[in-house]
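Below is one structure, written out as structure tokens; the observations come after it.
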Amino acid sequence: MSPGRDFAKVANARKCLPSRWTGLSPPLAHRASSASLLTGRLQTTQTQLTRLSAVLSPAIGLLTSFKRLFSVMPPKRKAATAATGEPKKSTRTTRSSTAASSSKKTAKTIQLSSDDDPAPAPPAAKMRKASTRTTKAAAPAKKATAKGSTSRKKAAPAPAVEEDDEEVKVVSPKKQKYHASAAQTIFKKYADEDDVDLIAAEGLERLCTDAKISMEGLEPIVLGWSTGSKQMGEIRSEGFLNFLAVHKIASLDALAKQVVKDTKALGGGEKWKDFYAWLFNWARGEQKSLDIDMVKPLWALTLPPRYGALGSELVEFLESKEKLKGLTKDSWNMVGVFLDTVQPDLGGYDESAAWPSLIDEFVEWKREKKGGGGGGGEAGRGLLG
């Protein structure tokens, strides 16, 4: 190609350029070229970003799903997730999970399906040996589980355990331990207002009432004897507190039981003799003899339980002695000896012995009552005999 033609092509090409470029000076043309180059790089960068967005789209979708899940969580689970970094596993039992797990449970465990939290099981009773047999109450529940029933049921009571012939251990309330302060508290509650070292007749009656000791029986008298009382209707603190300390008594219930035990122990022997001798001194007070009106109720309480029919007849005989005013200590003691040595049918009675006149009169009264001869057939000794 000739230079002339080349110049012509260049001139024509120049005409085809935008008018705003044709008049530009060389520096401005260089700037326009740089702008075109920058535009190309921007297009390249946009292409790379498009490819990067395609790569990151799955990750962005996963983050969006987790955000939605986090927004619908309950406050407590949301707080737990924020603290641990992972969502807390649910502990609630659903119908589907109950149905799936019930087929794997043994006959000993039956899980009821429920949308709510399961109620805590009642504590099992303490036993020496647990029964290994299945109870009848659990049988219907087994069948329901085998069929895969998941219907809502009311919480049933724990099935009763069918016992073997083994002894069941019963846990009793802890026994109250004796303490000197507890004994002092009991005494002060019934002590007299004017004499804090004494339980008088009124306080003794309240004590027996609270302890459920009958005032009509022998027990109140035995209580006075056990506590070393020296006068009827009075119990001193020294004897009372010593009685509680010896038997480790810390409650009125234990006090009543001990009094009953002491009453039954008056079956005879030296203990009965000591009690009978104490009874006279306790009842007479400061008098030398015991008034007959006091003898009658005391013998009515003590003699029939100890000597049976013979004691009852002696009380009946005493009721017929209208002129008798009182009884001396010697006569009181000899009556005790007589009852201990003579049988209910008067067997063993020695007429030549030096018995008090009261006893001789009683023997004569009894023989006349039975038609003479001393024959009997009466019952033997009483409950305390």
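For this structure, a couple of remarks:
- Region 330-360, residues that are touching a helix residue (DSSP H, G or I) at 6+ places or on another chain (Cβ under 6 Å) and in contact (Cβ under 8 Å) with a residue 40 or more places away in the chain: W332, G336
- Filter result for the condition that a residue is outside any loop (DSSP other than H, G, I, E, B), in contact (Cβ under 8 Å) with a residue 24 or more places away in the chain and exposed (fewer than 15 other Cβ atoms within 10 Å of the Cβ), over A245, A256: A245
- Among the conditions (1) farther than 16 Å from W272 by Cβ; (2) surrounded by fewer than 19 Cβ atoms within 10 Å (Cβ to Cβ), the only one that D340 does not satisfy is (1).
- Some residue of region 229-239 being of a type in the set (A, V, I, L, M), touching a Gly at 6+ places or on another chain (Cβ under 9 Å) and not in a helix (DSSP H, G or I): yes
- When W278, W332 are screened for being modelled with pLDDT of 95 or more, under 25 Å from E234 (Cα atoms) and out of contact with any Leu (no Cβ under 8 Å at 6 or more places or on another chain), only W278 passes.
The values are calculated or read from the model by the stated rules, or taken from the named source; none is laboratory data. Every value quoted in this text rests on a predicted model; they were computed, and no experiment measured them. Every residue, glycine among them, receives a Cβ derived from its backbone with ideal geometry; neighbour counts consider all protein chains shown.
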